[in-house]
Amino acid sequence: MGSPPIIEVSSLFHSYGETEAVRGVSFFVREGEIFSLLGPNGAGKSTVINVLITLLPLQKGNVTIAGYDLARDPAHVRRSIGIVFQEVTLDRDMTCREILEFHGRLYQMPAAERKARIEELLALVELRGKADTLTRHLSGGMKRRLEIARGLMTRPRILFLDEPTIGLDPQTRRRMWDYIRAVNREGTTIFLTTHYMDEADSLSDRISIMDHGTIVTTGTGWELKNRLGEDLIYLETSDNARARDVLGGVPDVGELREKSHGIVAMVKKDGTFLLPVLIERLISEGIRVHAVNLKKPSLDDVFVHYTGRELRDEGQGRGPLQGGPAGVRPG
Amino acid sequence: MRQWTGFLTIYWRDMLRFFRFKTLLVSSLVQPALWLAFFGIAMSANFARLSSGMAPLPGIREVGYLTFMAAGVIALTTLFTSLFGGIVILFDKNWGLMREVMASPLPRGHVIVGIGLSGMTKSFIQVSIITAFGILIGVEFFSGNTPVQVLVSLLGMFLFVGIFSLGFVFLSSAIAASLESPEGLQGIMTLLSLPLFFVSNALYPAAVFPPALSALSAANPLTHLINGVRYFTIGPDFQVIGVHYALSVQDVALSLGVLAVFTAAMFGIALWRFGKAVVT
Ligand SMILES: Nc1ncnc2c1ncn2[C@@H]1O[C@H](COP(=O)(O)OP(=O)(O)OP(=O)(O)O)[C@@H](O)[C@H]1O
Ligand SMILES: [Mg+2]
């Protein structure tokens with residue numbers, strides 16, 4: 001777990017007038033890792049990214065990127081990073097090659113280096129055949145790939161990606177992940193934001209979950225899931241309230257949550273063996289069990305646990321465990 | 001770091017986009033020429049009839065209205081093209097294209113200079129076409145000049161057009177940087193350009209203005225551009241439809257000075273507005 005942090009953010013605040021979009025965020029990103037900021041719409045992810053990439057002023061907090069202090073030395077920060085914005089920011093009237101050429105010139109790359117790098121990147125994102133096509137004629141996935149190529153043009157130490165796969169079909173998303181992994185393998189640190197659980201889970205080394213302008217928890221995907229316990233057990237009984245009290249007395253049962261039809265227990269032991277014990281205990285107390293379900297915690301469950309909301313339909317105040325751990329009501 | 005050439009990148013992209021779409025390009029070049037042709041020829045005929053009874057002032061070179069107006073068309077075309085020259089900033093901002101530039105190490109002043117130069121180039125192209133086309137349909141520019149004099153006159157005219165054009169592209173860049181969306185843009189541009197246009201001597205002599213308007217006209221950059229353009233294309237001393245025009249070297253130098261101050265001020269304003277703009 002050794003490499004030193006390449007991004008360090010402490011107590012970052014940002015507001016738009018009255019709206020406090022970011023309310024005291026601290027995290028770090030290690031050199032060479034893929035780091036995700038996971039959160040629902042409006043969590044403040046883009047605001048964080050826009051402050052880090054110098055598009056928004058640093059209102060309050062300390063940020064160090066690639067060894068440079070953001071407040072004192074934004075010019076060096078700019079030279080150390082590549083950016084893929086949330087919305088497509090390609091000029092429709094320019095060709096792929098011109099887009100990259102413009103970017104290289106913007107960063108004062110020497111002509112020969114520019115030329116070589118453009119060919120290299122067009123090959124990497126498999127757009128060689130489209131080099132002289134206007135970007136208005138590219139598909140959504142191609143545009144995204146071109147933007148990644150552009151972000152990499154100057155060989156940045158860190159690549160920032162704001163929702164890199166938003167609006168892409170599942171297949172294209174997977175290919176984007178492959179590109180991102182390939183870039184990371186070459187040594188580029190990746191900072192990405194997403195509201196897709198699977199994206200954060202399958203890509204990142206570490207994840208911070210963000211909600212309402214704050215980071216609610218940080219860790220590897222594995223750590224985050226393990227914090228909820230070994231397994232999640234869902235039970236529907238004849239008396240959920242009493243069942244909760246009974247289960248609360250079992251040593252290996254951690255946190256308990258009541259759902260609309262049942263209860264979820266986060267257990268610290270292998271649920272396969274614990275579940276029969278729990279059922280026996282309930283029956284001995286005269287509580288009948290109607291339905292059960294058992295599963296490993298997913299990132300969705302982690303999200304619900306820390307925010308009390310499901311990511312997919314935010315604001316509903318309902319978790320995916322509502323009808324059972326798998327999201328499907330048993331029986 | 002060769003940082004000082006950064007504006008060339010912005011200039012390069014804007015020119016690339018300008019030359020890419022031939023229909024837009026051709027229409028922007030043909031339009032002023034057509035205006036000169038139809039409006040100029042029609043008005044010349046009118047003025048010729050009106051002034052047919054008047055005796056020309058003795059001893060002063062007489063030029064046709066078409067010639068007089070051609071200088072005005074050059075000035076107006078420069079005004080309108082330049083006023084819209086900075087609008088690309090607003091569209092780039094709205095389409096998110098400005099983010100790439102704003103997050104890059106390029107200083108913001110370079111964006112303004114790059115856009116300014118590309119607006120100036122567009123004006124130069126248009127002015128060249130109007131001049132060439134005008135001469136073709138009978139505009140008496142540079143009459144009696146030796147080739148060297150013609151060259152000097154052209155340089156003088158382009159100097160005026162260039163400085164004026166930069167000033168107005170800077171002004172429109174400042175507006176574009178301040179606006180959130182293109183709504184209202186048309187209104188602002190009309191509000192700006194119409195008074196400039198009417199309180200100038202572009203199409204009719206300022207001598208016939210009441211004193212208050214005359215003063216305004218003297219403060220109008222367009223008037224100074226027209227002075228310069230007429231001085232270099234027609235000459236220092238001439239009459240048209242019975243009105244006498246005389247410009248001394250001092251007058252022209254003053255006009256150039258006014259334009260230079262105006263353009264410097266507009267650059268300052270553009271820099272200030274652009275520095276304030278937050279682009280996300
Ligand atoms: N320019 C702005 N002016 C005012 N409020 C803003 C602005 N940009 C964002 N906000 C507000 O700040 C909050 C955070 O927005 P932000 O775009 O950072 O969220 P996000 O996590 O990136 O969401 P999304 O997934 O939708 O991109 C939201 O409440 C949003 O309405
Ligand atoms: Mg966002």
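The values are calculated or read from the model by the stated rules, or taken from the named source; none is laboratory data. Since we're looking at a predicted model, the values are computed, not measured. All Cβ positions, glycine included, derive from the backbone under ideal geometry; neighbour counts span all protein chains shown. These accessible areas exclude ligands, DNA and RNA; they are computed on the full protein's heavy atoms, side chains included. Shrake-Rupley method; radii C 1.70, N 1.55, O 1.52, S 1.80 Å.
The table below lists the values:
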read-out	value
Shielding of A:104-112 by partner chains, average beta-carbon count, 10 Å	4
Burial ranking of peptide ranges B:62-69, B:12-19 (average Cβ count within 10 Å, highest at the top)	B:62-69, B:12-19
Convex hull volume per residue in cubic angstrom - Cα atoms of region B:91-199	145
Equivalent ellipsoid, the protein assembly as shown (semi-axes from 5 times Cα gyration tensor eigenvalues, Å)	70, 23, 20
Average projection area in nm² (convex hull over Cα atoms of chain A, one quarter of hull surface)	19.5
Per-residue average of Cβ from other chains inside 10 Å of A:147-154	1
Buried area at the A-B interface (accessible, heavy atoms, 1.4 Å probe, summed, Å²)	2700
DSSP beta bridge pairing in chain A, given as percent antiparallel to the nearest 5	65
Whichever lysines have a C-alpha closer than 27 Å to that of A:K268, once near sequence neighbours (fewer than 8 apart) are set aside	A:K225, A:K259, A:K295, A:K296
DSSP beta bridges in the protein assembly as shown [antiparallel fraction, %, rounded to 5]	70
Label zone at A:H212 (point 7 Å along Cα-to-Cβ), backbone N below 15 Å, region A:38-82	A:40-44
Binned Cα-Cα distances of region A:201-241, short to long, each 5 Å bin given as a whole percent	5, 18, 19, 16, 15, 10, 9, 6, 1
For chain B, calculated [θ]222 nm from helices alone, where every DSSP H run of n ≥ 4 adds -39500 (n - 2.57)	-23500 deg cm²/dmol
Difference of contour (0.36 nm per residue) and Cα-Cα distance, B:V30 to B:F124	32.5 nm
Between 0 and 90°, nearest 10: helix B:65-83 axis offset from chain B longest Cα axis	10
Choice from A:I53, A:I190, A:I283 with maximal GNM fluctuation in chain A (Cα, 10 Å cutoff)	A:I283
Proportion of all alpha-carbon pairs of region B:1-118 beyond 25 Å (%)	47
Cα-based Rg of region A:53-164 normalised by 2.2 N^0.38 Å, two decimals	1.12
Two-site FRET efficiency, A:E8 against A:S260, from Cβ-Cβ distance with R₀ of 45 Å, rounded to 0.05	0.60
Using a Förster distance of 56 Å, the FRET efficiency for B:N46-B:E180 (Cβ separation, nearest 0.05)	0.80
Reach of A:K269 by Cα under 14 Å, taken over aspartates and glutamates that are not fewer than 8 positions away in the same chain	A:E230, A:D231, A:D252, A:E255
Where Cα atoms sit under 28 Å apart: lysine pairs in region A:5-224 separated by 8 or more or lying on different chains	5
Low-density loop positions, chymotrypsin sites (Phe, Trp or Tyr not before Pro), region B:93-133 - DSSP coil, at most 16 other Cβ in 10 Å	B:W95
Sequence-separation-based contact order of region A:84-217, relative, with Cα cut under 8 Å and 6+ spacing, percent	26
Evaluated over region B:216-277, the Cα radius of gyration and Dmax, each in Å	15.2, 51
log₁₀ of I(q)/I(0) at q = 0.08, 0.14 Å⁻¹ - chain B, Debye sum with one point per alpha carbon	-0.36, -1.01
Among A:D245, A:D162, A:D211, residue whose mean-square fluctuation peaks in a GNM of chain A (springs only between Cα atoms under 10 Å)	A:D245
Crossing angle, helix B:185-198 versus chain B [Cα axis fit, 0-90 degrees, rounded to tens]	30
GNM result for chain A, Cα springs below 10 Å: residue of A:I287, A:I81, A:I207 fluctuating most strongly	A:I287
Förster radius 35 Å - calculated FRET efficiency between B:W4 and B:F198, Cβ distance, rounded to 0.05	0.30
Averaged over A:46-58, number of beta-carbon atoms from partner chains that fall within 10 Å	2
Tilt relative to chain A, helix A:96-106 - C-alpha long axis, 0 to 90 degrees, to 10	80
